[in-house]
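The values are calculated or read from the model by the stated rules, or taken from the named source; none is laboratory data. Remember, it's a predicted structure, so these values are computed and weren't measured experimentally. In this analysis, Cβ positions are derived from the backbone assuming ideal geometry, glycine residues included, and neighbour counts consider all displayed protein chains.
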């Protein structure tokens, strides 16, 4: 693995632990010898994950749709890639990343995470995808994922392939041992 993509909020959230964990994850990405790929913002958790990575010596690539160019990007990025659309932004982030981690965030973070999980499920991606579950932020979503398995919309193997942890070092260690699921997504065919 070379680059880890982090999906997270451009807001700081209500719990100071979110910012602390974003910084810690950025630093741990550097400690593991990876670069960071993220949405390029200097705000909220996005800014903090970049700060942690940069201060620990990692390269940081920001990928930004042109609608936000010149408005929110981090000033110290190693590289900035500007795309025409959000769809192109996500495609570029996928292309240059070797694994994906979701920190707390809102609709954009959810959408990015779910797209990567979908791509893994249909065999389009074999890259690890994880959730850094800070103070139980994703407990409800994980419970919903379990319900989707119980209701036979998701295979248990695909659910188990989502790497979940509360510690940045542990989640990255698990990424290094990740084996992609190689089964059909269809349950009743």
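Okay, here's what the table says:
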{"read-out": "For residue 1: the one exception among (1) over 14 Å from the mean Cα position of the chain (by Cα); (2) modelled with pLDDT of 95 or more", "value": "(2)"}
{"read-out": "Looking only at region 84-108, and only at residues there that are buried (at least 21 other Cβ atoms within 10 Å of the Cβ), touching a residue at least 60 places away in the same chain (Cβ under 8 Å) and farther than 16 Å from residue 180 by Cα, the one that is nearest to the chain's Cα centre (by Cα)", "value": "102"}
{"read-out": "Identity of the residue in region 43-85, in a helix (DSSP H, G or I) and modelled with pLDDT under 90, that ends up nearest to residue 103 (Cα to Cα)", "value": "68"}
{"read-out": "Only one of 53, 22 that is without any contact (Cβ under 8 Å) to a residue 40 or more places away in the chain and either under 14 Å from the mean Cα position of the chain (by Cα) or within 14 Å of residue 169 (Cα to Cα) (or both)", "value": "53"}
{"read-out": "Residues of region 114-138 satisfying the condition of being in a helix (DSSP H, G or I) and over 20 Å from residue 24 (Cα atoms)", "value": "114, 115, 116, 117, 118, 119, 120, 121"}
{"read-out": "Condition broken by residue 14, with the remaining ones in (1) in a loop (DSSP other than H, G, I, E, B); (2) modelled with pLDDT of 95 or more; (3) under 25 Å from residue 163 (Cβ atoms) satisfied", "value": "(3)"}
{"read-out": "Residue list for region 150-189, filter: touching a helix residue (DSSP H, G or I) at 6+ places or on another chain (Cβ under 7 Å) and not in a loop (DSSP other than H, G, I, E, B)", "value": "156, 158, 159, 163, 164, 165, 168, 169, 172"}
